[in-house]
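First the structure, in the form of structure tokens, and then the observations on it.
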Amino acid sequence: MTSPLYDRYLRAQKRRQRLIWLARLALLAGFLLLWEFAARWKWVDSMLTSKPSQLWTSFRELAMEGSLFHHLWITGQETLVGIAVSMAIGSLAAVLFWWSTFASKVLDPYMVVLNALPKVALGPIFFIWLGDHYSVYGMAVAISVIVTIIMIESGFKEISRTKLKLMESFGATKLQMLGMVLLPASVPHLIATLKVNVGLTLVGVIMGEFLSSKAGLGYLIIYGGQVFQMNLVMVSIALLALLSVALYGLVNLLERYARKKYHHEA
């Protein structure tokens, strides 16, 4: 049985959480209303900025055609694959750097150079090597994989060396230390890396679709700009925002599950 003081604390926390959500919704509603009335009252040119009412009409028309959700599915699929491949390659590379100090010292300068390299410059190369479809995946992975390696390796270095030394003193192999201490203790760092990867990979996918794709939200944005259909551009951008929110929500669910399983504090 909880104390009255603790009950009051819980109620206060719930009220605070509701206020936060209400403030978020009010901010969004205020922005949309300002945008709508600014276009209606000719403060801005609706031919250039569109307006929420036109976006809703365009969204319904495109949804009825079925093409909009096809492009959304293409971009979502490319993003999920890019995230999975980047996390897999990045995790394996970070483990290699932890396993071999020699490999880490040899490859570290290359990681710095690759991280600083503007990835958009690689677009034509990916197009020639991988074709118009797979070049999107190449761009997505190129943008996020180096950051993934750096973040996960940094997380490994923050793990207490005392625990690893203790296991080593008991005769544990590096593989046992990796599976029993390093990876479980690195769950918060892996989740943080995954959150960063959502944004980076989505940027890479859109850049790839700008350069070479024949489908996807990035393709719709380029096409809408070329034919001067700002409604199409704005609807695509709104869907990108919703897609990023959905992906971030999935990562948050994964974070809750991982913290509960590995007993990490929130």
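The values are calculated or read from the model by the stated rules, or taken from the named source; none is laboratory data. Model, not experiment: these values are computed from the prediction. Because the Cβ atoms are built from the backbone with ideal geometry, glycine has one as well, and the counts that use them run over all protein chains shown. These area figures cover heavy atoms from the full protein model, side chains too; ligands, DNA and RNA do not enter into them. Shrake-Rupley method; radii C 1.70, N 1.55, O 1.52, S 1.80 Å.
Quick look at the values:
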{"item": "Lys, Arg +1 and Asp, Glu -1 on Cβ, resulting dipole of the range 48-186 about Cα centre, debye, nearest 20", "result": "500 debye"}
{"item": "Contact order relative to length of the range 32-126, as percent, for alpha carbon pairs under 8 angstrom and 6 or more apart", "result": "11 percent"}
{"item": "FRET efficiency, 1/(1 + (r/R0)^6) with R0 30 Å, evaluated for GLU61 and ALA241 via beta carbons", "result": "0.95"}
{"item": "Dipole magnitude of the range 115-234, debye to nearest 20 (Cβ charges: Lys/Arg +1, Asp/Glu -1, about Cα centre)", "result": "380 debye"}
{"item": "Cross-link reach list, lysines versus LYS195, counting only Cα pairs under 22 Å and skipping chain neighbours closer than eight places", "result": "LYS119, LYS157, LYS260, LYS261"}
{"item": "Net length gained if the chain between ILE125 and GLN77 were fully extended (0.36 nm per residue, minus Cα distance)", "result": "15.0 nm"}
{"item": "At least 27 Å along the helix axis (C-alpha) and Kyte average at least 0.0, DSSP helices within the chain", "result": "4-40, 67-99, 123-158, 187-212, 230-262"}
{"item": "Among THR49, SER213, VAL196 - extreme Cα towards positive end, dipole of the chain, charges at beta-carbon", "result": "VAL196"}
{"item": "Rel. contact order, % - alpha carbon contacts under 8 angstrom, at least six apart, the chain", "result": "23 percent"}
{"item": "With DNA, RNA and ligands ignored, accessible area of SER91 (1.4 Å probe; Å², nearest 10)", "result": "30 Å²"}
{"item": "Among ALA12, PRO109, ILE83 the positive-end extreme of the charge dipole of the range 5-127 (Cβ point charges)", "result": "ALA12"}
{"item": "Cβ charges +1 (Lys, Arg) and -1 (Asp, Glu), total dipole of the chain, debye", "result": "1220 debye"}
{"item": "Cβ-based charge dipole, the chain, positive-most Cα from MET177, MET234, HIS133", "result": "MET177"}
{"item": "Full-stretch length increase - LYS42, TYR223 - with 0.36 nm per residue and alpha-carbon distance subtracted", "result": "62.5 nm"}
{"item": "Contour excess over end-to-end distance, with Cα ends at TRP21 and ARG256 and 0.36 nm allotted per residue", "result": "82.6 nm"}
{"item": "Where N is the number of residues in the range 1-132, Cα Rg divided by 2.2 N^0.38 Å", "result": "1.79"}
{"item": "Option label - Kirkwood radius over Cα pairs in Å computed here, alternatives (1) 21.8; (2) 22.3; (3) 19.1", "result": "(1)"}
